[in-house]
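> What follows is a single structure, and I will ask about it in a moment.
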Protein chains: 2
Amino acid sequence: MQLTRAADYGVRAMVHLASMPANTRAGVADLAKAAEVSAPFLTKVLQRLTSAGLVVSHRGANGGFTLAAPACTISLLQVIEAVEGPIQLNLCTGPCLAHATECNRQAWCAVHCVWMHAQAKLREVLAQASLDILARDSARRLELIHQDR
Amino acid sequence: MQLTRAADYGVRAMVHLASMPANTRAGVADLAKAAEVSAPFLTKVLQRLTSAGLVVSHRGANGGFTLAAPACTISLLQVIEAVEGPIQLNLCTGPCLAHATECNRQAWCAVHCVWMHAQAKLREVLAQASLDILARDSARRLELIHQDR
């Protein structure tokens, strides 16, 4: 029950994009450095984020990546699910009650309700965290660390 | 970010043990049937549950497994962590704040706090679900299904 490394690096890259000044673009090398991962690995992650419509890849001399929407409208949950698919705590839980997977025990198994409840709580916390707040909080903490030195 | 099959089958077996009349024991074959898994696979899971002190293995003619403590004192969280180790949503989160793993970004990374918060919520839901309530709820639902037939 652990986040994939791909999703973790995707989140790092997205928070970095959210921290950049408006109208600036970041290349794969910069994003890979910010996420502390290899460029080939991050390229695959960026492809998934682009396919999910969270990131735009600009071509040309001034090319690079930008967020596809304002950072305040993109949640941690969206980034994670773009990279590793819908969060599914157990085989019998879909991303929400309406999409719960069929299980022959589901009609009577009381544990199924707990899996659904736990999954909903987990998704709720991740949905409430937007990229702009994460980027601003991180920047503020980094500033304080630099001031202390 | 998904429960292991071992933990799921462990939970099924534990709920079955919790549903049995007092002073009765269940053999591996019965538990495997109840959990809908092979006996060799469940044997390994039961070894972890025994090591964790949640289950007692009785030898002899009347041998078999019982819960090591009243079902109302054993939570879903305890069963899961006995089988698959402490829940750790990301590499930087330990089972609680005091045991968070070192990460060189931890001092400033705002996402770390969200991982910790999400993990705490997930553990909270699983800690609140005790085996006796799960066993009773499941039994009641099964009864209703049989009445309807």
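All of the numbers you see were taken from the coordinates with simple rules; none came from a lab. Given the structure is predicted, the values throughout are model-derived calculations rather than measurements. In this analysis, Cβ positions are derived from the backbone assuming ideal geometry, glycine residues included, and neighbour counts consider all displayed protein chains.
> Name the residue, out of A:Leu42, A:Leu89, A:Leu76, whose mean-square fluctuation peaks in a Gaussian network model built on chain A with Cα pairs under 10 Å.
Between A:Leu42, A:Leu89, A:Leu76, it is A:Leu89 that shows the largest mean-square fluctuation.
> Placing the label point 7 Å from Cα along the Cα-to-Cβ direction, what are the distances from B:Pro70 to the equivalent spots in the other copies, shortest first, in nm to one decimal?
Computed spacing set for this position: 5.5 nm.
> Let me ask you something else. Among A:Arg105, A:Arg48, A:Arg25, determine the one that fluctuates most according to a GNM of chain A built with springs between C-alpha atoms less than 10 Å apart.
In this elastic network of chain A, the residue with the biggest mean-square fluctuation among A:Arg105, A:Arg48, A:Arg25 is A:Arg105.
> Now for a separate question. Return a whole-number percent for the relative contact order of segment A:11-85, with Cα pairs under 8 Å and 6 or more residues apart as the contact set.
Relative contact order comes out at 33 percent.
> Averaged across orientations, what area in nm² does the convex hull of the alpha carbons in segment B:5-148 project?
10.6 nm²
> Let me ask something else about it. Given the rule -39500 (n - 2.57) for each run of at least 4 DSSP H residues, summed and divided by the residues of chain A, what is its mean residue ellipticity at 222 nm, to the nearest 500 deg cm²/dmol?
For chain A, the value works out to -17500 deg cm²/dmol.
> So, counting K/R as plus one and D/E as minus one, what does the shell of residues with Cβ under 15 Å around A:Ile133 add up to?
+1
> Using a simple spin-label model with points 7 Å from Cα along the Cα→Cβ vector, what separation in nm is obtained for B:Arg25 and B:Asp132?
2.3 nm
> Next question, about the same structure. Taking a label point 7 Å from Cα toward Cβ, how far is A:Gln106 from its twins in the other copies, in nm, shortest first?
4.0
> Given 37 °C and 0.692 mPa s, compute D for the protein assembly as shown with the Stokes-Einstein relation, Rh being the Kirkwood radius over Cα pairs; round to the nearest whole µm²/s.
154 µm²/s
> Dipole magnitude of the protein assembly as shown about its Cα centre, charges +1 at Lys/Arg Cβ and -1 at Asp/Glu Cβ only, in debye to the nearest 20?
That gives the protein assembly as shown a dipole magnitude of about 280 debye.
> Let me check I've understood the local charge: for A:Gly64, count other residues with C-beta under 11 angstrom from its C-beta, Lys and Arg +1, Asp and Glu -1. What total comes out?
Overall, the nearby charge balance is +1.
> Under a 10 Å cutoff between Cα atoms, tell me which one of B:Gln119, B:Gln106, B:Gln128 has the largest fluctuation in the Gaussian network model of chain B.
It is B:Gln106.
> Another question, if that's okay. About the Cα centre of segment B:97-149, how large is the charge dipole given +1 on each Lys and Arg Cβ and -1 on each Asp and Glu Cβ? Please answer in debye to the nearest 20.
80 debye
> Turning to a different aspect of this structure: Defining a contact as two alpha carbons under 8 Å apart and six or more residues distant in sequence, what relative contact order in percent does chain B show?
26 percent
> Next question, about the same structure. Please give the charge dipole size of segment B:5-148, origin at the Cα centre, charges +1 on K and R Cβ atoms and -1 on D and E Cβ atoms. Round to the nearest 20 debye.
That gives a dipole near 200 debye.
> Can you return the lysines within cross-link range of A:Lys33? Criterion is Cα-Cα under 21 Å, with same-chain partners fewer than 8 residues away left out.
Here the lysines satisfying the reach criterion relative to A:Lys33 are A:Lys44.
> Same structure, new question: Count the net charge of all other residues whose Cβ sits under 10 Å from the Cβ of B:Asn90, scoring Lys and Arg as +1 and Asp and Glu as -1.
0
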